[in-house]
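In what follows, a structure is listed as structure tokens, so that the remarks can point back to it.
The values are calculated or read from the model by the stated rules, or taken from the named source; none is laboratory data. Bear in mind the structure is a predicted one, so any value in this text is a computation, not a measurement. Cβ sites come from the backbone with ideal geometry, for glycine too, and all protein chains shown count toward neighbours.
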Amino acid sequence: MSTPADRRTAAVQTAEVINMPDRAIPTERTAKTSQPRVAIVHDWCPSFRGGERVLAELCAVFEGADVFTIFDFLPADVKAEYFENVAIHTSVANRLPFVEKYYRNLFFACPFLIEQFDVTSYDAVVSSSAAFARGVLTRPDQAHLSYVHSPIRYAWDEQFSYLDQGAMKYGPKGLLFRYMLHKLRTWDTRTAHGPDIMLANSSYVRARIGRIYGRNSDVVFPPVEVDKLTFRSEKDDYYVTASFLAPYKRTDLVIQAFNEMPDRRLVVVGEGQQSSTLRKLAKANVTFTGFLPRAEYVDTVARARALVFAGCEDFGIALAEAQACGTPLVALGRGGARDIVRALGHAARPTGVLYKQQTVADTIAAVEHFEDHSSEITAEACRDNAVRFGSERFRREIRAAFERSVASRDAAFG
């Protein structure tokens, strides 16, 4: 008969299953260590962006933990660098033909899929959730710490924006979509009180958790690898916007603003479902790089005069990374940007401009305001500002919250 250690050694890099009781880690703690056995549940891994960087840090904090995620499309080189020796278990839907092309359209099935992961044999669960992971089924005596990137954005306050930009405000398709989002909100509310402790990744998300779920949460900012990001005080004569090209990022507003400022250059970094539409929208002074390798991406952001962002991010790791590169921000003053930017006119050492309205005119005015006062914003101030988002601070705060979660369960169940 194989031992638990044998089973862990035999775990493959990715195990495509719904239930895996044969691979689950027993709750008994060995004599060699008092560390709890941890399951980390993450929504999905379509590519290595902000949420997956948080996941990688969680794997570093809880060494030896197993990861459960609905979809996993991460390339082999990313896994080798960030998830070496991590067993990643996926849902049966990960085996569907060409699923990476349409996985987002399966959102209505994701609550069911996340509930099929059997994590009840672990000592504790940590969920990394922007949508579904928080709803994983746990035992009453099992500690559950949930790091919330956001309540389900497109099911709550961003619903109308998604319907509008997806051309689904009216008609049978729009009605069906609205009904599915209604059902998703019902499930989301029902599962909101599962975790012992909720952590929010920004002050904005903490407010959304309070309003939607009626729960208190502490803010733990996502980790930024400040020491691995190139700092440049000398800037080139262009602006940059960088994100996954999804509707809520509002890259269209930034492009339209620069269309009306033909004497200023804009570089758009990223790919996504809006890539084709945005390329057709842009004029000659706007160029697209597509997806860039990490080193090239960092260099492009570090050399930019400023990073311009018109979306409402839950936090926005890309914004904090730009600051670490010494690059100022011109950003909408909603969401995580309010935590990141030390705003011009409101801070002794400003690191960017925040503007109020999500419009082309306000974006243009913000860029012009930045240029009028750019001498007041230094690359050094931007870099110093980013230090407070470092990885070690994240790990320390996650460990402390996890210990509180375990202690609360131990107190309740002995």
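Some observations on this one:
- Residue within the range 44-59 that is among the polar types (S, T, N, Q), within 20 Å of I317 (Cα to Cα) and in contact with a Phe, Trp or Tyr (Cβ under 9 Å, 6 or more places away or on another chain) present: yes
- Exactly one residue out of F402, F370, F413 is surrounded by fewer than 19 Cβ atoms within 10 Å (Cβ to Cβ), aromatic (F, W, Y) and either more than 16 Å from E225 (Cβ to Cβ) or in the same structural domain as K235 (by TED's automatic domain parsing) (or both): that is F413.
- Enumeration of residues in the range 206-216 that are more than 20 Å from D196 (Cβ to Cβ) and either more than 19 Å from the chain's Cα centre (by Cα) or part of a strand (DSSP E or B) (or both): R211
- Test for S150: is it touching a helix residue (DSSP H, G or I) at 6+ places or on another chain (Cβ under 7 Å), buried (at least 16 other Cβ atoms within 10 Å of the Cβ) and part of a loop (DSSP other than H, G, I, E, B): yes
- Residues of the range 220-258 satisfying the condition of being surrounded by 23 or more Cβ atoms within 10 Å (Cβ to Cβ), closer than 18 Å to N385 by Cα and not hydrophobic (A, V, I, L, M, F, W, C): P223
- Check on L332, within 23 Å of Y204 (Cα to Cα), surrounded by fewer than 23 Cβ atoms within 10 Å (Cβ to Cβ) and not β-branched (V, I, T): no
- The set of residues from the range 217-254 being assigned to a loop (DSSP other than H, G, I, E, B), more than 21 Å from L58 (Cβ to Cβ) and in contact with a helix residue (DSSP H, G or I) (Cβ under 7 Å, 6 or more places away or on another chain) comprises T230, F231, R232, S233, K235, D236, S243, L245.
- Pairs where the first residue, in the range 206-219, is surrounded by fewer than 18 Cβ atoms within 10 Å (Cβ to Cβ) and the second is assigned to a strand (DSSP E or B) and of a type in the set (V, I, T), C-beta under 8 Å, 6+ apart: D218/I197
- Residues satisfying the stated conditions in the range 344-373, i.e. aromatic (F, W, Y) and in contact with a His (Cβ under 6 Å, 6 or more places away or on another chain): none
- Pair list, Cβ under 8 Å, 6 or more apart: the range 402-414 residue farther than 12 Å from D196 by Cα, other residue of a type outside the set (A, V, I, L, M) and surrounded by fewer than 19 Cβ atoms within 10 Å (Cβ to Cβ): F413/P140; F413/D141
- Residue match in the range 176-195 (condition: touching a Ser or Thr at 6+ places or on another chain (Cβ under 8 Å), crowded, with 18+ Cβ neighbours inside 10 Å and in contact (Cβ under 8 Å) with a residue 60 or more places away in the chain): yes
- Evaluation of Y179 against (1) part of a helix (DSSP H, G or I); (2) at pLDDT 95 or above (one fails), failing number: (2)
- If you go through the range 71-111 and keep only what is in a helix (DSSP H, G or I), under 23 Å from G135 (Cα atoms) and not charged (D, E, K, R), you end up with V92, A93, N94, V99, Y103, N105, L106, F107, F108, A109, C110, P111.
- Filter result for the condition that a residue is modelled with pLDDT of 95 or more and out of contact with any helix residue (DSSP H, G or I) (no Cβ under 7 Å at 6 or more places or on another chain), over D72, D66: D66
- Subset of the range 87-112 that is under 20 Å from the mean Cα position of the chain (by Cα) and of a type in the set (A, V, I, L, M) - its residue that is nearest to R53 (Cα to Cα): I88
- If you check L113, L96, L55 for being more than 24 Å from S405 (Cβ to Cβ), buried (at least 19 other Cβ atoms within 10 Å of the Cβ) and not basic (K, R), only one passes: L113.
- Hits in the range 339-355 - residues which are surrounded by 14 or more Cβ atoms within 10 Å (Cβ to Cβ) and among the basic types (K, R): R342
- For the range 259-296, taking the residues that are in a strand (DSSP E or B) and without any contact (Cβ under 8 Å) to a residue 40 or more places away in the chain, the one that is surrounded by the fewest Cβ atoms within 10 Å (Cβ to Cβ) is identified as G290.
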